Amino acid sequence: MKTYKWLICSFPMPIRGIVEKLSMHIYDENDGNGFILAQIRENSVSGKFVTKKNNESKIKDPFGNENVIKFVSYETTVFTIFEDEQWLIEIENPGRSIKPFLNMLIKIFGFNFYIEELNINLRLVIDEIESKLGKLNISKIEVTDINIKNKGLGILTIKSQVDSRTLLENEILNQKFYKFKSFQGTFISKELSGGWIELKSNSSLNVKNIPTTLFLESFRDIIRNCI
């Protein structure tokens, strides 16, 4: 399974300028952080941001003596920056934190650079996916903002072997303002048949049994249309 996440961003220069700036901060073992650029295209640049961490682990032997073991670890953020009317940063298999990567971008590009979390309309995303990539069988849906007798808002999760959308419509008949928080589904038509996806409204995506290059090329446009 692969995981992806997208962020909205804006840079004060085109891709060529971004590459020049990032190239001034190539990874150095002494500095302990920096970029490793992999692929540069007309409207995108991909690579890794690497952070070196010096760690210590204290272990006691059977006689009560404490030994300190020092070791080095590395945290890596694999990214692609896409230049378009709506810029995107794509993170592949994000780790526990991408904050060091984002902080470095802010340090390099200053106040003319901004970045923010995505909040996508999953109801629109599903429509776009089925229009452009193939029919889905939705096996799990989580929705929020369900009106409960005009006294509060609730969360509903539906799991089913049949398409959960039918069950959802039966459960919240006549409600219009609920929001999809996440869904899981399997493609049942076209080239992606058998492929599985899980998508959350913050753009966190898990995929299995899918040719990712084919899928992602279309999915990036879908995201831009559903922000």
Selected residue [in contact with a Lys or Arg (Cβ under 6 Å, 6 or more places away or on another chain) and either free of Cβ contacts under 8 Å to residues at least 40 places away in the same chain or over 14 Å from G185 (Cα atoms) (or both)] from I108, I138, I120: I108
Candidate set: segment 1-46, residues that are aromatic (F, W, Y) and under 21 Å from the mean Cα position of the chain (by Cα); chosen: the one farthest from I210 (Cα to Cα): F11
Flag if V125 is touching a residue at least 12 places away in the same chain (Cβ under 8 Å), β-branched (V, I, T), closer than 29 Å to G194 by Cα and in a helix (DSSP H, G or I): yes
Strands (runs of 3 or more DSSP E) contained entirely in segment 1-117, each with at least 3 residues that are touching a Cys at 6+ places or on another chain (Cβ under 9 Å) and within 30 Å of I222 (Cβ to Cβ): 87-92, 114-117
Pair list, Cβ < 6 Å and 6+ apart or interchain, from segment 63-75 residues that are exposed (fewer than 10 other Cβ atoms within 10 Å of the Cβ) to residues that are of a type in the set (D, E, K, R): E66/K58; E66/K60; V68/E56; V68/K58; K70/E56; S73/K53
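Throughout, read-outs are computed from the coordinates displayed, never taken from laboratory work. Everything quoted here is computed from the prediction, not taken from an experiment. Note: ideal-geometry Cβ built from the backbone for every residue, glycine included; neighbour counts use all protein chains shown.
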